[in-house]
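Student: My structure is below; once you've seen it, I'll send some questions.
What follows is calculated from the coordinates using simple rules that are stated; it is not laboratory data. This one's a predicted model, so the numbers in the text were calculated from it and none came from an experiment. FYI the Cβ positions are ideal-geometry reconstructions off the backbone, even for glycines, and counts take in every protein chain you see.
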């Protein structure tokens, strides 16, 4: 059995960092409350006996078909044009390493 | 012919009228566009459309018919697409600000298939942001209303596609269903909606929410139209390795409304608390009619049903947190930042442009997948998922179909569940299991409640038995013809 631990603001900040999402101060109390309730709710899965049950990661577990290992162009470089940072066939981003 | 009355006409009837030159595609499409112009301001069914692009396709269709080069059964018939579905030349936003203005450089296999049939792709429909919701209220762009009662939700997440068909703004439409997002809005709007078996329809070119659960399916005015539309989009696709290479029967040709000697399973767990009496009574009446026609009714157990919503929300949010990593301001949509570094760009773009429900789910999924919680939540949910699949496998050894309500109530008031995510999630209780198990389901209208709101009945069949769904649904439809239409809006803009 998993004991449900209350979800606190410190958990929210950690998760927001992992998810790469900034949160405004006014969003936080509500999110903590919502996530706490939802996590408490899904914790009821701990009641189910899953001993010797294999995880099911997909609805159809038969071997998926494979294609030939040949290059085929689905999208050309044109798809980069949708980026607001598009310049001369490249995407400009802020400096990554100082 | 001025004012082709499209609102009550099916694909079958319009295709015949087109064939007999009783009407042109341009007239059919104009009729839809008039309806959209008149009512979209209030109903909010469409997020985007371009009259000229729609009429140009209709014009080309009429030319083909004149030249004897008609492409397929759908030639000239206006079909709407949920905004999750990529279509070249049409923006795709998934109703999110993070994809505002995005023009996809390629299109979905289902769209290619519709084009090959000559369908007129009339526009992109409203939905919950990234399909996360059950009321279309999380759309970042505009509210969507139920044509049967403007104060009620159309359901979701494919609310716009359901409303567009219900209100006669198009003849059929496509949606996506991850946990009930086709069947529940179909139920609330009095139309037919199909969630095909996982792998039946290609997901290539569909904006991903939860990849192991998502499927594309049709909305239509009746069961036959739904079968026609599913036939036009189903089949294996080399661009989607999860599509399954199983033959696609000609559903319409093989529809047999005969239920004599067939077994219908009624899950005990689906008729318990939370189900409204009016919905229960209507479904029981429909089942009695099937019994009178020789079907055998069998009570069955789906013992893990009480864990469906919890299992679904762990798996779906975990997959979503991973799928939505790609929206970071680099390749798609607008950028936001308060500094000069890449991290600030990622965090502000995502923090400012994702809506509250999407953020809630991404964070929930991230939590479920994070170190220390993965085994307790995600891995455990995957194990419980197997128990669901086994419940259904066992049930289908004894019965041909499983019948239930599509949703516990009829359309609920707008705003009622917006502030209570858990209550919103629990609305999906009857539809979620089909996605977890990968089986197929249909919702069809079987009457209205005392408020005049449609009631949907769900029929589920084992994977790749869509034909069985259509057979049973046709039998129900013949016994309980649903001829009601949403009331005319008296005062445009009235709330």
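Student: Determine the calculated [θ] at 222 nm for the protein assembly as shown from helices alone, applying -39500 (n - 2.57) to every DSSP H run no shorter than 4 residues and normalising by the residue count; nearest 500 deg cm²/dmol.
Tutor: -11000 deg cm²/dmol
Student: Right, here's the next one. Segment B:1-107: percent of C-alpha pairs farther apart than 17 Å?
Tutor: Here the tail beyond 17 Å accounts for 58 percent of pairs.
Student: Next question, about the same structure. Note the direction-averaged projected area, equal to a quarter of the hull surface, for the Cα convex hull of segment B:92-213, in nm².
Tutor: Value for segment B:92-213: 7.2 nm².
Student: Ok, one more. Using the beta-carbon distance between residue A:80 and residue B:52 and R0 = 41 Å, what value does 1/(1 + (r/R0)^6) give for FRET efficiency, to the nearest 0.05?
Tutor: Plugging the Cβ-Cβ distance into 1/(1 + (r/R0)^6) gives 0.90.
Student: Using only the alpha carbons of segment B:186-295, what is the convex hull's orientation-averaged projected area in square nanometres?
Tutor: 9.0 nm²
Student: Here is a further query. Just need the Rg to Rh number for segment B:162-213, please, alpha carbons only, Kirkwood Rh.
Tutor: 0.98
Student: Looking only at chain B, where both bridge partners belong to it, what percent of the DSSP beta bridges are antiparallel (to the nearest 5)?
Tutor: Roughly 65 percent of the DSSP beta bridges within chain B come out antiparallel.
Student: Still on this structure, I have one more. Among DSSP beta bridges whose residues both lie in the protein assembly as shown, state the antiparallel percentage, nearest 5.
Tutor: 65 percent
Student: Taking Cα centroids, how far is segment B:12-37 from segment B:199-270 in Å?
Tutor: Cα centres, segment B:12-37 to segment B:199-270: 26 Å.
Student: Next question. Separation between the residue B:451 and residue A:8 pseudo-spin-labels, each 7 Å from Cα along Cα→Cβ, expressed in nm?
Tutor: The two pseudo-label positions are separated by 4.2 nm.
Student: With N denoting the number of residues in segment B:1-44, provide Rg(C-alpha) divided by 2.2 N^0.38 Å, to two decimal places.
Tutor: For segment B:1-44, the normalised Cα radius of gyration comes out at 1.21.
Student: Give me the log10 of I(q) over I(0) for segment B:316-400 at q = 0.13 Å⁻¹, as the Debye formula computes it from C-alpha points; what are the numbers?
Tutor: With no solvent term, the Cα-only Debye profile gives -0.58.
Student: Between Rg and the Kirkwood Rh of segment B:347-495, both from Cα atoms, what is the Rg to Rh ratio?
Tutor: Ratio of gyration radius to Kirkwood radius: 1.05.
Student: Can you tell me, using C-alpha contacts under 8 Å and at least 6 residues apart, the relative contact order of segment B:76-192 as a whole percent?
Tutor: 26 percent
Student: Given 25 °C and 0.890 mPa s, compute D for segment B:250-328 with the Stokes-Einstein relation, Rh being the Kirkwood radius over Cα pairs; round to the nearest whole µm²/s.
Tutor: Rounded to a whole number, D works out at 152 µm²/s.
Student: Taking the Cα centroid of segment B:292-310 and of segment B:314-393, what is the distance between the two, rounded to the nearest whole Å?
Tutor: Each part reduced to its Cα centre gives a spacing of 32 Å.
Student: A further question follows. FRET efficiency for residue B:341 and residue B:22, Cβ-Cβ distance as r, R0 = 56 Å, nearest 0.05?
Tutor: 0.30
Student: Would you mind getting the Kirkwood hydrodynamic radius of segment B:298-363 from its Cα pairs, rounded to one decimal in Å?
Tutor: When all Cα pairs of segment B:298-363 are included, the Kirkwood radius is 14.0 Å.
Student: Output the Cα-based Rg and Dmax of segment B:26-67 in Å, rounding Rg to one decimal and Dmax to a whole number.
Tutor: 11.9, 40
Student: Could you state, as a whole-number percent, how many of the C-alpha pairs of the protein assembly as shown are farther apart than 44 Å?
Tutor: More than 44 Å apart: 14 percent of the Cα pairs in the protein assembly as shown.
Student: Follow-up. Quote the FRET efficiency, to the nearest 0.05, computed for residue B:38 versus residue A:66 with a Förster distance R0 of 56 Å and r equal to the Cβ-Cβ distance.
Tutor: After rounding, the FRET efficiency stands at 0.65.
Student: How much length is gained on full extension from residue B:306 to residue B:423, taking 0.36 nm per residue of separation minus their Cα-Cα distance?
Tutor: Using 0.36 nm per residue and subtracting the Cα-Cα distance, I get 40.7 nm.
Student: Right, something else. Summarise the long-distance tail of P(r) for chain B by giving the % of C-alpha pairs beyond 45 Å.
Tutor: 8 percent
Student: Now for a different question. Taking the convex hull of the Cα atoms, report for segment B:362-431 its projected area averaged over all directions, in nm².
Tutor: 6.5 nm²
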